[in-house]
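Below is one structure, written out as structure tokens; the observations come after it.
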Amino acid sequence: MVKAITETNLRSAYAGESQAHMRYAIFSERAKKEGYPNVAGLFKAISHAEKVHASNHYKNIVTKGDALTVSAAIFGTRNVSEDLQAAIDGENFEVNEMYPAYIAVAQRQEERAAEISFKWALEAEKIHAGLFQKAKQSVDQGKDADLGSIQICNVCGYTTEGEAPEKCPICGAPKEKFRTF
């Protein structure tokens, strides 16, 4: 049985990552319509990474039944630059506040599986924030982002530009576990 506070954090992280997955899918469609195909591809790839994070958190939730979830949500963006800024803000919140707190609680409660799930997400979110920042700089100059293919580890959500590594630096999964966007 997962301790109550860690389980609450898992549910909140699941809710937040699920929302990010959908939000980035919506942002991808807008970027494509506005003429930013590379930004659209970036949002699509990171949407998949957020789905991986949500799935990992979900696997660690053991309590059955309904539960109230609390997560930050971003609404009201109207263009690709605003979408990118919202994404940067959301990723930075997870990196600087949410996941460090969740990891500390999981460590204190000796919930190793939850701790790993949170750590995997944290490391990927750092990369996401940087990729979104790079894309925003281009969009704010009226250009599409100059990005290569994006690789997502289907085990932990690690994200990298270019070729997939032989072994995931976060979870150790082999190259075959990566999905190319």
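The values are calculated or read from the model by the stated rules, or taken from the named source; none is laboratory data. Only a predicted model underlies this, so the values are computations on that prediction, with no experimental measurement involved. Glycine gets a Cβ as well: all are built from the backbone with ideal geometry, and neighbour counts include every protein chain shown.
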### Task
Output the residues belonging to the stretch 123-160 that are acidic (Asp, Glu) and within 19 Å of residue 80 (Cβ to Cβ).
140, 144, 146
### Query
Which residues, taken from the stretch 23-45, are free of Cβ contacts under 8 Å to residues at least 60 places away in the same chain, surrounded by fewer than 19 Cβ atoms within 10 Å (Cβ to Cβ) and in a helix (DSSP H, G or I)?
25, 26, 29, 30, 32, 33
### Message
Cβ-Cβ under 6 Å, sequence separation 6+ or interchain: first residue in the stretch 69-98 and without any contact (Cβ under 8 Å) to a residue 60 or more places away in the chain, partner part of a helix (DSSP H, G or I) and among the acidic types (Asp, Glu). Which pairs?
### Response
77/83; 81/140; 91/125; 95/125
### Task
All but one of (1) of a type in the set (Lys, Arg); (2) assigned to a loop (DSSP other than H, G, I, E, B); (3) within 23 Å of residue 39 (Cβ to Cβ) hold for residue 64, so report the exception by its number.
(3)
### Where residue 95 falls short, out of the listed (1) at pLDDT below 95; (2) touching a Lys or Arg at 6+ places or on another chain (Cβ under 7 Å)
(1)
### Message
Residue pairs, Cβ under 6 Å, 6 or more apart or interchain, first in the stretch 111-132 and outside any helix (DSSP H, G or I), second of a type in the set (A, V, I, L, M, F, W, C) and at pLDDT below 95. List them.
### Response
111/2
### Query
Mind checking whether some residue in the stretch 145-162 is touching an Asp or Glu at 6+ places or on another chain (Cβ under 7 Å) and of a type in the set (Val, Ile, Thr)?
yes
### Task
Would you mention how many residues in the stretch 93-109 are within 14 Å of residue 3 (Cβ to Cβ) and of a type outside the set (A, V, I, L, M, F, W, C)?
4
### Message
Please count how many residues of the stretch 143-166 are within 23 Å of residue 58 (Cβ to Cβ) and either free of Cβ contacts under 8 Å to residues at least 12 places away in the same chain or assigned to a loop (DSSP other than H, G, I, E, B) (or both).
### Response
5
## Note on the structure
Selection from the stretch 156-181 of residues of a type in the set (Asp, Glu) and closer than 13 Å to residue 45 by Cα yields 161
### Query
Looking at 95, 155, 105, which is the one that is surrounded by fewer than 22 Cβ atoms within 10 Å (Cβ to Cβ), over 18 Å from the mean Cα position of the chain (by Cα), within 27 Å of residue 11 (Cα to Cα) and of a type in the set (Val, Ile, Thr)?
105
### Task
Starting from the stretch 167-178, take each residue that is over 17 Å from residue 121 (Cα atoms) and surrounded by 13 or more Cβ atoms within 10 Å (Cβ to Cβ) and list its partners that are at pLDDT 95 or above and aliphatic (A, V, I, L, M), counting only C-beta distances under 6 angstrom and pairs at least six apart or across chains.
175/164
